[in-house]
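In what follows, a structure is listed as structure tokens, so that the remarks can point back to it.
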Amino acid sequence: MLKKSLVAVGLAAVLALSACSGSPATGGTGGDEITLGFAQVGAESGWRTANTKSVQESAKTAGINLKFSDAQQKQENQIKAIRSYIQQKVDVIAFSPVVESGWDTVLKEAKDANIPVILTDRAIDSPDKTLYKTFLGSDFVLEGEKAAEWLIKDKEAATGDVNIVELQGTTGAAPANDRMSGFADVIKAESKFKIVASQTGDFTRSGGKQVMEAFLKSNPKIDVVYAHNDDMALGAIEAIEAAGKVPGKDITIISVDATKDGMTAAADGKINFIVECNPLLGDQLMDLTKKVLAGETVPERVVTEETTFDSEQAKAALPDRKY
């Protein structure tokens, strides 16, 4: 009888240990805590800083163990981080791809290790949709279209050519590709709109300033600046002012993001129109992480809700701006 009791106690102990050891459904790195490996692009802009803060704070609130890496805008660094997360056997991997191409090999490794992947903010161009569970982020093509639609309306009365210079984001990055194509597709309907120069400013303020300085020297007549993000627009404003021109009046400026610095420039009349790109994706990411891990079906595409701002609307919204 005693022998049977000891066996029963031993079996109960084994079961108890099994319940605490962690599995893909309950936290492969130990216990019931979920571990999320997040590979960030970098800290190239105010938008990205706000995005990082949102992910970190939301993970803490959700009780998710976050392993975070900063790729410093280099794809090889992100690939290394993802491979490190696979080795650490995290439960879920999320990342915002530096560029669209070149992810199939490492994501296949994650898939083979049974670690689900969530794309945030930026998409990839892989034809294999089984390599990730969902993509959470903005519709960058729509952002470009919104920018162009406002410009067409704003320059409705213009009879001559409207010369546009474009400050592109990082070459090969989804937002740069899509904001460029969305904008170009809409303005091509009217021949007076001419993109006279288009070059990458790498989503940075210093890049935007440097490229805009070159544009001003090589193009005697610039009517419009279309910047793929606020930081480049703010850099362009510095260059325009240094050249003795008035941003927002002598040159119309359109931007994407709606960060606090960008909205301040809009409220001051230096940026004429901003298309919002919301960086506060943390709560949605943690929700998707839990659902994916629980085996729930999630949409292949989760689009964030966003709006637009002219100068007056920016002035009204600025006091409550969170980023």
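The values are calculated or read from the model by the stated rules, or taken from the named source; none is laboratory data. Since this is a predicted model, take the numbers as computed values, not measurements. Cβ coordinates were reconstructed from backbone atoms using ideal geometry, including for glycine residues, and neighbour counts include every protein chain displayed. Surface accessibility is based on the protein's heavy atoms, side chains included, excluding ligands, DNA and RNA. Shrake-Rupley method; radii C 1.70, N 1.55, O 1.52, S 1.80 Å.
Condition check ((1) open to solvent by less than 60 Å² (accessible area, probe 1.4 Å); (2) at pLDDT 95 or above) across all residues:
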residue: 7; (1), (2): no, no
residue: 16; (1), (2): yes, no
residue: 28; (1), (2): yes, no
residue: 46; (1), (2): yes, no
residue: 57; (1), (2): no, yes
residue: 89; (1), (2): no, yes
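Out of 115, 82, one residue alone is within 20 Å of residue 288 (Cβ to Cβ) and open to solvent by 10 Å² or more (accessible area, probe 1.4 Å). It is 115. The sole residue among 270, 290 that is in contact with a Pro (Cβ under 6 Å, 6 or more places away or on another chain) and surrounded by 15 or more Cβ atoms within 10 Å (Cβ to Cβ) is 270. The residue that is least open to solvent (accessible area, probe 1.4 Å), counting only those in the range 59-79 that are farther than 21 Å from residue 228 by Cβ and small (Gly, Ala, Ser), is 59. Look at (1) over 22 Å from residue 279 (Cα atoms); (2) open to solvent by 70 Å² or more (accessible area, probe 1.4 Å) and you find that residue 224 fails only one, number (2). Any residue that is over 17 Å from the mean Cα position of the chain (by Cα), open to solvent by less than 10 Å² (accessible area, probe 1.4 Å) and in contact (Cβ under 8 Å) with a residue 24 or more places away in the chain - is there at least one of those in the range 141-148? So far as the range 141-148 goes, yes, one or more of its residues are over 17 Å from the mean Cα position of the chain (by Cα), open to solvent by less than 10 Å² (accessible area, probe 1.4 Å) and in contact (Cβ under 8 Å) with a residue 24 or more places away in the chain. Here the range 97-140 is the region considered, the condition is being acidic (Asp, Glu) and within 17 Å of residue 37 (Cβ to Cβ), and the residue that is farthest from the chain's Cα centre (by Cα) is 112. Would you pick out the residues in the range 262-280 that are in contact with a Gly (Cβ under 7 Å, 6 or more places away or on another chain) and either free of Cβ contacts under 8 Å to residues at least 40 places away in the same chain or part of a loop (DSSP other than H, G, I, E, B) (or both)? If the condition is that a residue be in contact with a Gly (Cβ under 7 Å, 6 or more places away or on another chain) and either free of Cβ contacts under 8 Å to residues at least 40 places away in the same chain or part of a loop (DSSP other than H, G, I, E, B) (or both), then 269, 270, 271, 272 are the ones that fit. Does residue 239 fit the bill of being among the hydrophobic types (A, V, I, L, M, F, W, C), more than 25 Å from residue 142 (Cβ to Cβ) and free of Cβ contacts under 8 Å to residues at least 40 places away in the same chain? Judged against the criteria, residue 239 is a match. Among residues of the range 151-172 being of a type in the set (Ser, Thr, Tyr) and under 25 Å from residue 277 (Cα atoms), the one that is farthest from the chain's Cα centre (by Cα) is 171. For the range 46-77, the tally of residues that are more than 14 Å from the chain's Cα centre (by Cα) and in contact (Cβ under 8 Å) with a residue 60 or more places away in the chain stands at 7. As for the range 294-304, it holds no residue that is among the polar types (S, T, N, Q), within 19 Å of residue 121 (Cβ to Cβ) and open to solvent by 20 Å² or more (accessible area, probe 1.4 Å).
For residue 235, are the conditions met, namely being more than 22 Å from residue 145 (Cα to Cα) and in a loop (DSSP other than H, G, I, E, B)? No. Say we look at the range 118-139 and pick out the residues that are touching a residue at least 24 places away in the same chain (Cβ under 8 Å) and assigned to a helix (DSSP H, G or I); which of these is least open to solvent (accessible area, probe 1.4 Å)? In this case the residue turns out to be 131. If you go through the range 287-323 and keep only what is closer than 30 Å to residue 114 by Cα, out of contact with any strand residue (DSSP E or B) (no Cβ under 8 Å at 6 or more places or on another chain) and in a helix (DSSP H, G or I), you end up with 287, 290, 291.
In summary, residue 93 fulfils each of the numbered conditions (1) open to solvent by less than 10 Å² (accessible area, probe 1.4 Å); (2) in a loop (DSSP other than H, G, I, E, B) with the single exception of condition (2).
Hey, residue 214 hits all of (1) over 14 Å from residue 168 (Cβ atoms); (2) in a helix (DSSP H, G or I); (3) open to solvent by 20 Å² or more (accessible area, probe 1.4 Å) but one; which does it fall short on? Among (1) over 14 Å from residue 168 (Cβ atoms); (2) in a helix (DSSP H, G or I); (3) open to solvent by 20 Å² or more (accessible area, probe 1.4 Å), the lone unmet condition for residue 214 is (1).
If you go through the range 173-203 and keep only what is open to solvent by 30 Å² or more (accessible area, probe 1.4 Å), within 18 Å of the chain's Cα centre (by Cα) and not acidic (Asp, Glu), you end up with 177, 180, 181, 200. Per this entry, residue 44 is not counted among residues that are within 27 Å of residue 169 (Cα to Cα), acidic (Asp, Glu) and part of a helix (DSSP H, G or I).
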